[in-house]
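Chemist: For reference, the structure I am asking about is given below.
All of the numbers you see were taken from the coordinates with simple rules; none came from a lab. Please read all numbers here as calculations on a predicted model, not as lab measurements. All Cβ positions, even for glycine, are placed from backbone atoms using ideal geometry, and neighbour counts span all protein chains on display.
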Amino acid sequence: MSRIPEVIGNAASEFDGIPGVGPRAALRYAFWLVSLPKERIRRFAQAMLAVSEGVTHCRMCGAWSTSEICIVCADPGRDVTQLCVVATDQDMRVVENSGAFRGRYHILGGLIDPIEGTTPDVLSIDALIVRVSATDNDITEVVLAFDPDVRGDATALFIAKRMQDLSIGISRLARGLPTGAQIEYADETTVADAFTNRRKQ
Ligand SMILES: [Zn+2]
């Protein structure tokens, strides 16, 4: 990037590494950015900054939230007997948009992946066990809404083992999601189907 102005190169470096964005796309974004009116760039920068300053993890489910307790956890209309465990915030949004689930959520922050070095201890699994083991909770069913792949299977197996002594039903999203599919990219009908057809873990 030596023949382009340093500031554009710097902007490109910041875009590089965004999920799905490589060096070429990053440079394209940087050139797009520099072509925008100054006011638009200011709004863009302020929106990015607001993300770092105004967002925290919900104390209950771990989702990104602008308040200590997110709007889903704070909603008194949710079914407190059902807890849906998801890998990421994006997966939670997809399940939520499917309209098939009216309980609460728990976000793990990823799935177990020995190859990538994602071990159970770096995920929010201990917090999940504490949450479902608490004597004052009303949870009767835990739905594991993981991608139907090796990582999803490993994570489901691990959690089921950790919860085997608890008298809580565990189910996993089943039909609807083809093997290798990612919840994040599934359409809402598919996720709703997978919910309806969930099977006992
Ligand atoms: Zn929450």
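Chemist: Dipole magnitude of the chain about its Cα centre, charges +1 at Lys/Arg Cβ and -1 at Asp/Glu Cβ only, in debye to the nearest 20?
Modeler: Here the size comes out at about 380 debye.
Chemist: Same structure again: If one takes the longest principal axis of the Cα atoms in the chain, at what angle in degrees, from 0 to 90 and to the nearest 10, does the Cα axis of helix 89-98 lie?
Modeler: 60
Chemist: Another one. For an R0 of 25 angstrom, estimate the FRET efficiency from the Cβ-Cβ distance between residue 196 and residue 168 and round to the nearest 0.05.
Modeler: 0.80
Chemist: Order by neighbour count: 153, 136, fewest other Cβ atoms within 10 Å first, most last.
Modeler: Listing 153, 136 from fewest to most nearby Cβ atoms yields 136, 153.
Chemist: Under the definition of Cα pairs under 8 Å and six or more residues apart, what whole-number percent is the relative contact order of the chain?
Modeler: So the answer I get is 16 percent.
Chemist: Ok, one more. Test of understanding: in a Gaussian network model of the chain with alpha carbons linked when under 10 Å, which of 53, 68, 39 would top the mean-square fluctuation ranking?
Modeler: Of 53, 68, 39, the most mobile in the Gaussian network model is 39.
Chemist: Can you put 163, 92, 48 in order, fewest other beta carbons within 10 Å first?
Modeler: Working: 163 18, 92 25, 48 10.
Taking fewest neighbouring Cβ atoms as first place, the list is 48, 163, 92.
Chemist: Cα centroid distance between the range 1-40 and the range 138-177, in Å?
Modeler: Using only Cα atoms, the two centres lie 41 Å from each other.
Chemist: Given Cβ point charges of +1 (Lys, Arg) and -1 (Asp, Glu) and nothing else, what value in debye, to the nearest 20, does the dipole of the range 64-117 about its Cα centre take?
Modeler: Using Cβ point charges on Lys, Arg, Asp and Glu, the range 64-117 gives about 220 debye.
Chemist: Which of 27, 166, 83 moves most in a GNM of the chain, Cα contacts under 10 Å?
Modeler: Residue with maximal mean-square fluctuation among 27, 166, 83: 27.
Chemist: Projected onto the charge dipole of the range 74-200 (+1 at Lys/Arg Cβ, -1 at Asp/Glu Cβ, origin at the Cα centre), which of 95, 142, 109 gives the Cα projection farthest towards the positive end?
Modeler: The residue sitting farthest along the positive end of the dipole is 142.
Chemist: Ok, one more. Under 10 Å, Cα contacts only: if you run a Gaussian network model on the chain, which one of 71, 112, 18 comes out with the highest mean-square fluctuation?
Modeler: 18
Chemist: Quick one: which residues, 5+ away or cross-chain, put their amide H under 5 Å from the amide H of residue 105? H built at 1.01 Å from N.
Modeler: Long-range HN contacts for residue 105: 84.
Chemist: Okay, next question. Counting only other residues whose beta carbon sits under 13 Å from that of residue 124, what net charge do I get with K and R as +1, D and E as -1?
Modeler: 0
Chemist: Here's a follow-up. For the chain, compute Rg over Rh where Rg is the Cα radius of gyration and Rh is the Kirkwood radius from the inverse mean 1/r over Cα pairs. Walk me through the intermediate numbers first.
Modeler: Values: Rg = 20.0 Å, Rh = 19.0 Å.
Computed over Cα atoms, the ratio is 1.06.
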